[in-house]
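Novice: The structure that follows is given in the form of C-alpha cells.
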Amino acid sequence: MDWITIFSTTIKSAVGVETVLYGIAAIGLNVHFGYTGLLNFGQAAFMGVAGYGLAVTVVVLGMPFWAGIIFGLIAAVILAFLLGIPTLQLRADYLAIVTIAAAEIVRLVFRSVQFKDVFGGSDGHRGFTEGFYALNPYPTGNYGFNLGPIPLFFNHRTMWVITVGWVLIALACLIVHLLMKSPWGRVLKAIREDEDAVRSLGKSVFSYKMQALVLGGVIGSLGGFIYGLGYASVQPDVFGTETTFYMYTMVILGGAARVLGPVIGSMLFWVLLVLIYGVLSEAVRVGYITFMDTNQVGALRWILVGAGLILLLVYRPQGIFGDKREIAIDAR
Amino acid sequence: MHAETMSTDRKAAALAAFKDLARDPGVPKPDPILVVDHVVRRFGGLTAVDVGHVEIQRGSITALIGPNGAGKTTFFNQLTGFDTADAGSWTFNGRSMNGVPAHKVARSGMVRTFQLTKALSRLTVLENMRLGAQKQKGENFWRALVPRVWRAQEDEITERAEELLARFKLDAKRDDFAGSLSGGQRKLLEMARALMVNPELVMLDEPMAGVNPALTQSLLGHVKDLREQGMTVLFVEHDMDMVRDISDWVIVMAQGAVIAEGPPSTIMSDQRVIDAYLGAHHDAPLSEGELEAQLQEAEAALEAEIEEETQK
Ligand SMILES: Nc1ncnc2c1ncn2[C@@H]1O[C@H](COP(=O)(O)OP(=O)(O)OP(=O)(O)O)[C@@H](O)[C@H]1O
Ligand SMILES: [Mg+2]
C-alpha cells in the first residue's frame, strides 16, 4: 500500500479546489436553508450561470475577464429574481419544486444542441481563464512543504486558484457573520421559524426572503467561478442536481446556521471521500480486496458517504458545530 | 397613588363612552378607532364572515365573543391583512385598510396575536422581543454590515424589551429558546412581543386559552394595563368570567355576523345571545305534564330492556 500518496492526496484535499468551490457555494446555501429556511434545491444553477456567464463573455463575446465576472454575477442576481418572484409568496415547498426544476432547465439549456454556438453543448467551454492566470503572482513552480515523509505541494496555478478561493471564503464568512449577528439576520431566522409571526410584527417577509435568495445565490455563484477557473472549463453536467445535494450534505455535516459550518462540512466531505477512495483503490490494486475492481471503488465510496450521512443524522443531527438544544426543540 | 387615580379615570372614561349606547349590532361609538363595513369572507359555500357594520371605541377594552366557528378568528384575519376578504372595507384611525398587506397593517399600529401561539422557537426570548421593535436601522441589509450604525438603537430596544419581560415575569427566561417555554409562557411572550411594536390597537385572539389560572390573573392585569397606557384592546375570549372582569363592551358574533353588542354585565342575558349559544328553542320550559310523560317513557324503555336481558 502506498500510504504516502494516500495521505498526501487526502491532506491536500482538505484545502484543495473542490473543497474551496463547494465550501463557498455551501455558504450561500446555508444563507438560504440554514438561516432563512428557504428550501433551495437549485444552488448548482447559481454556480452554473456564473461559470457560463464568465465563459461565454470571454470565449463567445471576446470580452475581458473582469467583464465575464460582472456578467456572471448579474446572471446570478437575475436567476434569484426569476426564482423568487413567483415562488416566495407561496408555501415553502413550492420553492423546492421550482428551484429543482429551474436548475434542470438551466443545465439542459446549457447542453442543448440548439444553443451549441453560445453554450458549447455538452462539451461546454474552455479557454477563458487567461485573464485570471495573467494576474497570478506566483512564479511557475511548486509550492508547499514536506510533512515528514509526506509531500504536500500545489503547482503555481492551483495555488493561485485556492488562494483567491480561500480569500473569498474568508470574506463570505465575515459578511455572513456580521449579517447574522445583526437585526437583519434576526429577521431571516425569525422567517425560518414562522413567517406569519414576522408579518404580524411589521416586517416585509417577501422582501427579506428575496434579499436572502440574492445574497446566497451570489455567494453560490462565486463557487461557479472557482470551478471554471480551477478546471479551466465549464461543462453543463457539472452543475447538476447532485452537486446541490452534496452541498446540503456539507451544510448539515458542519451544522446548519453556523457561520463556519459549510466550510468545515466541505473539508470533511472531501477528506473522507478522497481518503476512502485512496485506501480502497490501493487495497484493490495490491490485492487485499478481490471482490471488486478499481472502477467499482468509485461507486462504493458514494455508498459509504451515504451511510455516513445517515449515521450522522442519527447520532449528531446538529452537525459538528450545531447546538444540541436547538435540535431538541420542536420547530412547530 | 397617581397610577390608581389614572386607572379609574381611564376605566371611567371608557365606561362613560358606552353608557347610553343602544344594544344593537353596529351601534355607532363616540370615538371609534376601527370602523368596519360589510366585510365578507367565504370558503367555498360557507360564509365564514359577513359583518355589516361594527365600530371599536378608542381607549376601551372590547371583547369579541361567540360560539366555536362563529368566524372570530377569520374576522381578525381579514382586518389584519392575513387573509383577503371577498368584499368590504374598514378604516383604522380614518385610514382605509382593505387590501393592505399584513406587515403594513402592523406598522400602522394595529397588531394582532394568534389563537395558536407563534413563538419563534429557535430564537431566544430576548430575540423574540427585539424583533418586535419598529424602524430598526440594523434591519437594512447594508447598515446591518456596520454594527456601529445600529448598536445604540439595539441597546435601547434591549432595554425596552427587558422592561416588558420583567412586567410579564419572563425576565428569568430571557436567554432561553422560546421553544422551551410552556404554553402559558408563550402566550405571555407573544403578547409582550406585540407590545414591542408600540401598537395603538392590540387584537388578542384568545390570549388566556390554555393558560393556568394563576397566570390568567396576571394576564388579565396586563390587558387592563394596556388600556391604562392609552391603547385600545380588542380580544377574543370564551370564558365569560374573564370577559366580565376586564371588558368595557362586548360584541357577539354568530355564524359570521355580529348579532348583538352590549355591556359585559348584561350581554349574556340578551335573548339573541342565548339563542346563538344554545340554539333557538333550548329554553322553552317543560310543563309538568311533559315532564311526567318523559319520565314514564324512560321507565318503560328501562323495563323493556331488563325483560330482554332476563329472557336471554
Ligand atoms: N381556511 C379555511 N378554509 C375553510 N374554512 C375555514 C377556513 N378558516 C376558517 N374556516 C371556517 O370558517 C368558520 C369560522 O372559523 P373561525 O376559525 O373564524 O371561528 P372562530 O370563531 O375563531 O372559532 P373558535 O372560537 O373555535 O376559535 C368555521 O366554520 C371554519 O371551519
Ligand atoms: Mg378562533
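Novice: With respect to the numbered conditions (1) over 15 Å from the mean Cα position of the chain (by Cα); (2) more than 22 Å from B:Asp239 (Cα to Cα); (3) away from ligand 1 (no atom under 16 Å from the Cβ), which one is the sole condition not fulfilled by B:Gly81?
Specialist: Against the list (1) over 15 Å from the mean Cα position of the chain (by Cα); (2) more than 22 Å from B:Asp239 (Cα to Cα); (3) away from ligand 1 (no atom under 16 Å from the Cβ), B:Gly81 comes up short only on (3).
Novice: Is it the case, given these coordinates, that B:Arg23 is at pLDDT 90 or above and in the same structural domain as B:Pro207 (by TED's automatic domain parsing)? Even if it seems obvious, please write down each step before you answer.
Specialist: Values: at pLDDT 90 or above: no; in the same structural domain as B:Pro207 (by TED's automatic domain parsing): yes.
Against the criterion (at pLDDT 90 or above and in the same structural domain as B:Pro207 (by TED's automatic domain parsing)), B:Arg23 does not qualify.
Novice: Further question: Are there any pairs, at least 6 apart or on different chains, whose C-beta atoms fall under 8 Å, with the first in the range B:246-259 and closer than 18 Å to B:Asp31 by Cβ and within 13 Å of ligand 1 (Cβ to nearest atom) and the second in a loop (DSSP other than H, G, I, E, B) and modelled with pLDDT under 90, and if so, which?
Specialist: Within 8 Å, the pairs are B:Ile251/B:Pro25.
Novice: To continue, here is another question. Just the residues that are touching a Leu at 6+ places or on another chain (Cβ under 8 Å) and either exposed (fewer than 14 other Cβ atoms within 10 Å of the Cβ) or within 29 Å of A:Tyr248 (Cβ to Cβ) (or both), please, taken from the range A:273-301. Talk me through it step by step, then tell me what you get.
Specialist: Taking the range A:273-301 first, the residues touching a Leu at 6+ places or on another chain (Cβ under 8 Å) are A:276, A:280, A:289, A:292, A:297, A:300-301.
Within the range A:273-301, A:Ile276, A:Leu280, A:Met292, A:Val297, A:Leu300, A:Arg301 meet the criteria.
Novice: Looking at the structure I just gave you, is B:Glu162 without any contact (Cβ under 8 Å) to a residue 40 or more places away in the chain and among the charged types (D, E, K, R)?
Specialist: Numbers: without any contact (Cβ under 8 Å) to a residue 40 or more places away in the chain: yes; among the charged types (D, E, K, R): yes.
Yes: the conditions hold for B:Glu162.
Novice: Could you please find all residues in the range A:31-77 being free of Cβ contacts under 8 Å to residues at least 24 places away in the same chain and closer than 26 Å to A:Tyr94 by Cβ?
Specialist: A:Ile74 - this is the single residue of the range A:31-77 that is free of Cβ contacts under 8 Å to residues at least 24 places away in the same chain and closer than 26 Å to A:Tyr94 by Cβ.
Novice: Could I ask something else about it? Which members of the range B:44-66 meet the condition of being among the hydroxyl-bearing types (Ser, Thr, Tyr), away from ligand 1 (no atom under 11 Å from the Cβ) and assigned to a strand (DSSP E or B)? Don't jump to the end; show me each part of the working.
Specialist: Our first condition is that a residue be among the hydroxyl-bearing types (Ser, Thr, Tyr); within the range B:44-66, this holds for B:47, B:60, B:62.
Retained after the next criterion (residues that are away from ligand 1 (no atom under 11 Å from the Cβ)): B:60, B:62.
Correct list: B:Thr62 only.
Novice: Would you check which residues across the range B:67-77 are more than 14 Å from chain A (Cβ to nearest Cβ) and either more than 13 Å from ligand 1 (Cβ to nearest atom) or crowded, with 18+ Cβ neighbours inside 10 Å (or both) and list them?
Specialist: Taking the range B:67-77 and keeping what is more than 14 Å from chain A (Cβ to nearest Cβ), we get B:67-72, B:74-75.
Result: B:Ala70, B:Gly71, B:Lys72, B:Thr74, B:Phe75.
Novice: With A:Phe41, A:Phe119 as the choices, which residue is within 18 Å of A:Leu215 (Cβ to Cβ) and not β-branched (Val, Ile, Thr)?
Specialist: From the options A:Phe41, A:Phe119, the qualifying one is A:Phe41.
Novice: Can you go through A:Arg192, A:Arg157, A:Arg186 and tell me which one is within 14 Å of another protein chain (Cβ to nearest Cβ), free of Cβ contacts under 8 Å to residues at least 40 places away in the same chain and not in a loop (DSSP other than H, G, I, E, B)? Before you say what the answer is, go through the steps one by one.
Specialist: Working: A:Arg192 fails: free of Cβ contacts under 8 Å to residues at least 40 places away in the same chain; A:Arg157 fails: within 14 Å of another protein chain (Cβ to nearest Cβ).
The conditions single out A:Arg186.
Novice: Six or more apart or on different chains, Cβ atoms under 9 Å: show the pairs whose first residue is in the range B:16-42 and farther than 23 Å from B:Met231 by Cα and whose second is among the aromatic types (Phe, Trp, Tyr).
Specialist: Taking only residues 6 or more apart or on different chains, the pairs are B:Val39/B:Phe75; B:Val39/B:Trp90; B:Arg41/B:Phe75.
Novice: If I ask for residues that are part of a helix (DSSP H, G or I), within 7 Å of chain B (Cβ to nearest Cβ) and in contact with a Phe, Trp or Tyr (Cβ under 9 Å, 6 or more places away or on another chain), which ones from the range A:169-183 would you list?
Specialist: Listed by number, the residues that qualify are A:Leu179, A:Pro183.
Novice: Is it the case, given these coordinates, that B:Val100 is in a loop (DSSP other than H, G, I, E, B) and either out of contact with any strand residue (DSSP E or B) (no Cβ under 8 Å at 6 or more places or on another chain) or within 13 Å of chain A (Cβ to nearest Cβ) (or both)?
Specialist: Details: in a loop (DSSP other than H, G, I, E, B): yes; either out of contact with any strand residue (DSSP E or B) (no Cβ under 8 Å at 6 or more places or on another chain) or within 13 Å of chain A (Cβ to nearest Cβ) (or both): yes.
Spelling it out, B:Val100 is indeed in a loop (DSSP other than H, G, I, E, B) and either out of contact with any strand residue (DSSP E or B) (no Cβ under 8 Å at 6 or more places or on another chain) or within 13 Å of chain A (Cβ to nearest Cβ) (or both).
Novice: Here's another thing I want to ask about it. Inspect the range B:47-66 for any residue being over 19 Å from B:Gln229 (Cβ atoms), within 16 Å of ligand 2 (Cβ to nearest atom), within 14 Å of chain A (Cβ to nearest Cβ) and not aliphatic (A, V, I, L, M) and give the result as yes or no.
Specialist: no
The rows are residues; the columns are (1) closer than 30 Å to B:Arg122 by Cα; (2) polar (S, T, N, Q).
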residue: A:Met250; (1), (2): yes, no
residue: A:Gly255; (1), (2): yes, no
residue: A:Val259; (1), (2): yes, no
residue: A:Val263; (1), (2): yes, no
residue: A:Met267; (1), (2): yes, no
residue: A:Thr290; (1), (2): no, yes
residue: A:Asp293; (1), (2): no, no
residue: A:Val305; (1), (2): yes, no
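Novice: Follow-up. On the given criteria, is A:Phe132 surrounded by 13 or more Cβ atoms within 10 Å (Cβ to Cβ) and assigned to a loop (DSSP other than H, G, I, E, B)? Walk me through it before giving the result.
Specialist: Working: surrounded by 13 or more Cβ atoms within 10 Å (Cβ to Cβ): yes; assigned to a loop (DSSP other than H, G, I, E, B): no.
No; evaluated as a whole, the condition is false for this residue.
Novice: To continue, here is another question. For the range B:211-254, what are the residues that are within 16 Å of ligand 2 (Cβ to nearest atom), of a type outside the set (A, V, I, L, M, F, W, C) and surrounded by 14 or more Cβ atoms within 10 Å (Cβ to Cβ)?
Specialist: Answer for the range B:211-254, where residues must be within 16 Å of ligand 2 (Cβ to nearest atom), of a type outside the set (A, V, I, L, M, F, W, C) and surrounded by 14 or more Cβ atoms within 10 Å (Cβ to Cβ): B:Glu237, B:His238.
Novice: Could you figure out which of (1) assigned to a helix (DSSP H, G or I); (2) of a type in the set (Phe, Trp, Tyr); (3) within 11 Å of chain A (Cβ to nearest Cβ); (4) touching a residue at least 12 places away in the same chain (Cβ under 8 Å) isn't true of B:Phe82?
Specialist: The failed condition is (1).
Novice: Criterion first (touching a residue at least 24 places away in the same chain (Cβ under 8 Å) and more than 24 Å from the chain's Cα centre (by Cα)) does A:Phe225 satisfy it?
Specialist: Criteria not met by A:Phe225.
Novice: Being part of a helix (DSSP H, G or I), hydroxyl-bearing (Ser, Thr, Tyr) and within 14 Å of chain B (Cβ to nearest Cβ) narrows it down to one of A:Tyr227, A:Tyr208, so name that one.
Specialist: On the way: A:Tyr227 fails: within 14 Å of chain B (Cβ to nearest Cβ).
The unique qualifying residue is A:Tyr208.
Novice: Answer yes if at least one residue in the range B:121-139 is more than 27 Å from B:Leu181 (Cβ to Cβ), crowded, with 22+ Cβ neighbours inside 10 Å and not assigned by TED's automatic domain parsing to the domain that holds B:Val223, and no otherwise. Step through it out loud before you land on a result.
Specialist: Quick first cut of the range B:121-139, residues more than 27 Å from B:Leu181 (Cβ to Cβ) only: B:135, B:137.
Retained after the next criterion (residues that are crowded, with 22+ Cβ neighbours inside 10 Å): none.
No, the conditions are met nowhere in the range B:121-139.
Novice: While we're on this one: Could you identify the single residue in B:Ala13, B:Ala17, B:Ala106 that is within 14 Å of another protein chain (Cβ to nearest Cβ) and part of a helix (DSSP H, G or I)? Steps first, please.
Specialist: Values: B:Ala13 fails: within 14 Å of another protein chain (Cβ to nearest Cβ); B:Ala17 fails: within 14 Å of another protein chain (Cβ to nearest Cβ).
After applying the criteria, what remains is B:Ala106.
The values are calculated or read from the model by the stated rules, or taken from the named source; none is laboratory data. Remember, predicted model here, so these are calculated numbers, not experimental data. Positions of Cβ are backbone-derived with ideal geometry, glycine not excepted, and every protein chain shown enters the neighbour counts.
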